[in-house]
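Just so it is clear, none of the values below were taken in a lab; they were calculated from the coordinates. Everything numeric in this text was worked out from a predicted model, so none of it was measured. We place every Cβ from the backbone using ideal geometry, glycine too, and count neighbours over all the protein chains shown.
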Amino acid sequence: MSTASLRDLLNRDAMILAPGVFDGFSARLAEGAGFDALYMTGYGVSASRYGLPDAGLVGLGEMIDALRMIRSVTTKPIIADADTGYGGLLNVRHTVRQYETAGASAIQIEDQDFPKKCGHTLGRRLIATEDMVAKVTVAAEARQNAETLIIARTDARTEFGLEEAIARARAYHAAGADVLFVESPESEEELETIGRALDAPLLANMVGRGGRTPELPASRLHALGFRIAIYPGIGFGAALAAMETAFAHLRQAGAIPQDCPEPLTGAHKLVGFPEIWALEKDWDSRFRKK
């Protein structure tokens with residue numbers, strides 16, 4: 001179980017920073033860094049575990065497997081990407097129940113049509129507002145734990161404009177969404193408009209370079225009215241660059257780069273080898289034959 005619910009964190013009125021995690025390694029590193037919450041990124045799971053783009057190719061079963069594994073190594077609240085809910089209303093109900101059982105603290109559902117696309121790419125197709133309202137309503141009713149939050153994301157900004165995105169977000173809040181997520185606003189002014197227009201806890205997606213939304217300091221986002229900032233790509237982006245450099249050096253020089261961190265010492269500590277060794281020592285002293 002998590003040390004504090006995400007609802008508790010929202011009640012403290014401090015900015016919640018949630019780095020993207022996608023496996024046990026990244027989840028342990030993020031918890032060790034002291035973050036109060038983690039964001040299980042669908043892009044990260046799809047790319048790291050399967051080598052596939054975030055284009056609706058990874059389904060409910062794969063995401064539940066990833067969520068269970070991440071929950072097993074962290075006590076922090078997990079905001080879990082659930083794409084479109086993986087189907088119609090019955091699928092949304094099933095998704096919420098499965099995500100709760102697997103350890104999600106908040107479940108993010110978006111108003112894209114299937115197959116969905118990454119939120120900072122072009123050509124995203126949306127379902128009708130009333131269809132997403134029905135999904136949000138069912139999701140809110142399906143949860144069995146009052147601490148579980150429903151995050152409603154709208155991708156309307158890129159194709160239909162900010163006014164439509166805000167109107168949809170308002171409708172989703174009225175339907176029972178606890179947190180609103182307007183994806184890919186394109187300026188600080190648009191972020192400010194969202195903060196003024198929506199009377200609900202707001203989430204900002206800080207993709208960084210290459211994304212459609214400018215990266216703002218967390219303090220500025222908080223001043224604009226946002227309560228949660230997710231950073232889905234920070235972990236796998238850093239890992240990608242480091243591995244590319246190390247692999248290229250190994251291929252060219254036939255040796256590990258001199259500036260490469262010692263590969264085992266830090267990993268041994270991170271994944272819990274010292275505890276294993278201590279247990280083995282204890283068991284050896286207690287149970288070995290005299």
Self-check item: Matching residues, the stretch 165-180, being surrounded by fewer than 24 Cβ atoms within 10 Å (Cβ to Cβ) and within 13 Å of Glu130 (Cα to Cα)
Solution: Ala167, Arg170, Ala171, His173, Ala174, Ala175
Self-check item: Failed item, numbered, when Glu147 is tested on (1) part of a helix (DSSP H, G or I); (2) over 27 Å from Ala47 (Cβ atoms)
Solution: (1)
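Only helices (runs of 4 or more DSSP H) wholly contained in the stretch 1-118 count here; list those with 1 or more residues that are more than 20 Å from Asp178 (Cβ to Cβ).
Details: elements: 6-11, 24-32, 42-50, 60-73, 89-102.
Per the criteria, 24-32, 42-50, 60-73, 89-102.
From the list Thr154, Thr129, which one is crowded, with 20+ Cβ neighbours inside 10 Å, over 18 Å from Leu17 (Cα atoms), in contact with a Lys or Arg (Cβ under 9 Å, 6 or more places away or on another chain) and of a type in the set (Val, Ile, Thr)? Step through it out loud before you land on a result.
Numbers: Thr129 fails: crowded, with 20+ Cβ neighbours inside 10 Å.
Unique residue meeting the criteria: Thr154.
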Quiz item: Based on what the data block shows, is Asp54 in contact with a Cys (Cβ under 7 Å, 6 or more places away or on another chain), crowded, with 17+ Cβ neighbours inside 10 Å and within 28 Å of Leu126 (Cβ to Cβ)?
Solution: yes
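State the number of residues belonging to the stretch 196-233 that are hydroxyl-bearing (Ser, Thr, Tyr) and within 22 Å of Arg7 (Cα to Cα). Spell out how you get there, then give the answer.
The first filter runs over the stretch 196-233 and keeps only residues hydroxyl-bearing (Ser, Thr, Tyr), leaving 213, 219, 231.
Now drop any that are not within 22 Å of Arg7 (Cα to Cα), which leaves 219, 231.
Selection size over the stretch 196-233: 2.
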Quiz prompt | Per-region count, the stretch 189-246, residues touching a helix residue (DSSP H, G or I) at 6+ places or on another chain (Cβ under 7 Å), in a helix (DSSP H, G or I) and over 20 Å from Ile79 (Cα atoms) | solution = 8
Quiz item: Does Ala169 qualify as being without any contact (Cβ under 8 Å) to a residue 60 or more places away in the chain and hydrophobic (A, V, I, L, M, F, W, C)?
Solution: yes
Practice problem: Collect the residues in the stretch 156-184 that are acidic (Asp, Glu) and closer than 17 Å to Val92 by Cβ, keeping them in residue-number order. | Solution: Asp178
